[in-house]
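The values are calculated or read from the model by the stated rules, or taken from the named source; none is laboratory data. What you are looking at is a predicted structure, and each value in this text was computed from that prediction instead of being measured. With ideal geometry, Cβ positions are generated from the backbone for all residues, glycine too; neighbour counts draw on all protein chains shown. Calculation scope for accessible area: heavy atoms of the full protein, side chains included, ligands and nucleic acids excluded. Shrake-Rupley method; radii C 1.70, N 1.55, O 1.52, S 1.80 Å.
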Amino acid sequence: MRKLLALVLVLPALVLTVLALGGPLPGQEQPPSPIRFELKKLPFHLENDASPAKNPPETMAGGVAVFDYNGDGRPDIFFTNGADLATMKKSSPKYSNRLFRNDGNGVFTDVTAEAGLAGSGFDIGVAVGDYDNDGFPDLFVTGVHGNTLYHNNGDGTFTDVTKKAGLDKWNDPEYGPLWAEAAVWVDVNNDGLLDLFIVNYLQWSYSDQPRCLNRGVADYCHPRYYKGLPNQLFLNQGDGTFKDVSKEWGIRDHVGKGMGVGMADYDLDGRQDLFVTNDAEYHFLFHNMGNKFEEVAFQANVALPEDNVFISGMGLDFRDINNDGYPDIAYVALNNQTFPIYLNTGKGDFVEVTAPSGMRALSMPMAGYGAALYDFDNDGWKDLFVTRGHVLSTWAPGATIKQPNAVFRNLGASGKWAALTSEAGFVNSTSARHRGCAFGDFDGDGRIDAVVTALDRDAELWMNRSPNAGHWLDIALRGVKSNRDGIGARIKVVTKAGVQYNHQTSSVCYASSSLGPVHFGLGAETRAIKVEIDWPSGIVQTLENVGADRIVKVTEPVPTPTAPK
């Protein structure tokens, strides 16, 4: 594809535009899409308790997680689900959260009951991380006026330890009941223990809320009709409990209307930073100073998109897009608002490239909810997967409410994107009000698959069938001095074709989480000359001459103390 684009630079701009969009020239057959997905269904229906009252939580449900809960090497799937909003209770089995065990060969078994994960309230998001370093990933579930920490017992069951862990502080003395949208596990102080950052949304109550009309019909109110909330930071004490340090670490001072959070060390100082999207407010970039965060979104040029207007910042990913070693930012918003792309300058700030990269023109008519950067065709460049669908339920200016998903192919060194919708398998019949997404290689073929939720719809399992996909390499981390999951570890892979970077994080998309091996596409290369891992502990580990098309399990080396002479 890149050679073809290079050859047509002398052609008229119209022809070049057609090629960039992945479409054929007049009279030519449509070439096969380099990225292609096949739809499979899972027996999970997202219940959001929709009603004529248009309660705002109805349109925000849908977090999903992919993680290997039982250690069999196959990624499993957990779905959050809604509840009766009048009572905030899961008053019917239809509201149950669901856990599906991956049995291999595309077969999944519902193990919710035996795992103890049905839940009790109106759940929104989920974050996966092994907070006690016992080798079994745990779940933190966010919700409306209540969150839950589920400890993985290692025998296929989970235990609700929210109160014991000190994470039942959802009724704030100043702001009232908290509505949490998303969360991320991150070791903010590099002590080898995962801490918890929670993104809170709006001050809302079922009994006291505004009513809004859209062309004379009741619909969801704009966020400006509600007051915002501060986010929260809980430090892991290492004994199964957490301490609220939101004030001390400078988090509570910033009130927003948070929708998503991404984690990365954007300035490569060895400390993990956080980017938070806000709904029709300034976004936050929390720079980690070691013992507190400073909010630097304006200084870093990420507080607002290129038009300098508030937009509905939704889900995001915080990863290196252009393989220069510095994490970049991609997030999505509603139609006529664009999907902003920020490239890291390596000097402590970012430059927005939404327009010059072509993303502005491609995304303007789209409404997005979730965003994730993965290399779906294994060519060495991370592509952008977007779950699409509008907030509103009736009429949206210039946009349809239900939309198919899309994937934007990264065209590499050109810095451009190609929008693939029907070409990638997302046809009109798959249009919905899509929300969360999570990722993993469900069938072990080396191609990253996706699971997507949609309001009042069955879950969508998108199996990656990309033709002619390149070679690949997955790095499965096991921290020793660092946290067990290796969250925050930065990985550099060198092949004859070049260098690329990624880092371990479980925060991706909208209200969702994906924890598994760190994936690299290698294109035509059959081995990596070098793999370099910078662990959160500061230990640097190097592997050489690593063969492709396999999962490489890497344990953090800890130097043996030298006996005193």
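Key figures for this structure:
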read-out: The chain: C-alpha gyration tensor shape, a/c 1.5 cut-off, then a/b vs b/c; value: rounded
read-out: Fully extended contour minus Cα-Cα distance, from residue 205 to residue 429, at 0.36 nm per residue; value: 77.1 nm
read-out: Within-9-Å neighbourhood charge of residue 382 [Cβ basis; K, R +1; D, E -1]; value: -3
read-out: In Å², nearest 10: area of residue 282 left accessible to a 1.4 Å probe; value: 100
read-out: Efficiency of FRET from Cβ geometry, residue 87 and residue 227, R₀ 25 Å, rounded to 0.05; value: 0.60
read-out: Share, in percent, of DSSP beta bridges within the chain that are antiparallel, nearest 5; value: 95
read-out: Nitroxide proxy distance, nm - points 7 Å out along Cα→Cβ at residue 476 and residue 253; value: 4.4
read-out: Inverse mean reciprocal Cα-Cα distance (Kirkwood Rh) of segment 117-212, Å; value: 14.4
read-out: Within the accessible area of segment 331-438 (1.4 Å probe), percent carbon and sulfur; value: 58
read-out: Mean-position separation - Cα centroids, segment 176-250 and segment 125-158, in angstrom; value: 17
read-out: Pair residue 529, residue 497: separation of 7 Å Cα→Cβ label points (nm); value: 1.5
read-out: Sites residue 553 and residue 72, calculated FRET efficiency, Cβ-Cβ separation with R0 22 Å, nearest 0.05; value: 0.95
read-out: Restraint check, 530/553; 257/402; 492/553; 243/481, Cα-Cα greater than 19 Å; value: 257/402; 243/481
read-out: Total charge dipole magnitude, the chain, about the Cα centre, Cβ charges on Lys, Arg, Asp, Glu only, Debye to nearest 20; value: 920
read-out: Proportion of all alpha-carbon pairs of segment 404-448 beyond 16 Å (%); value: 58
read-out: Rounded FRET efficiency, nearest 0.05, which uses the C-beta distance separating residue 443 from residue 53 and R0 of 56 Å; value: 0.85
read-out: Listed peptides 329-338, 421-430 by packing density, highest first (mean Cβ within 10 Å); value: 329-338, 421-430
read-out: Viscosity 1.002 mPa s, temperature 20 °C, Stokes-Einstein D of segment 380-430 from Kirkwood C-alpha radius, µm²/s; value: 175
read-out: 222 nm mean residue ellipticity, helices alone, for the chain (DSSP H n ≥ 4; -39,500 (n - 2.57); rounded to 500); value: -1000 deg cm²/dmol
read-out: Residue list for segment 479-509, given a label point 7 angstrom along the Cα-to-Cβ vector of residue 268 and an amide N cut-off under 19 Å; value: 488-495, 498-505
read-out: Relative contact order (%) - criterion: Cα under 8 Å, at least six apart; region: segment 456-551; value: 33
read-out: Stretch gain in nm, segment residue 544-residue 213, where the contour uses 0.36 nm per residue and the Cα spacing is subtracted; value: 113.0 nm
read-out: Rg [Å, one decimal], Dmax [Å, integer] - segment 51-184, C-alpha atoms; value: 15.0, 51
read-out: Relative contact order computed over segment 450-508 (Cα-Cα under 8 Å; 6+ residues apart), in percent; value: 18
read-out: Whole-number percent relative contact order across segment 44-146, with pairs defined as alpha carbons under 8 Å at least 6 apart; value: 25
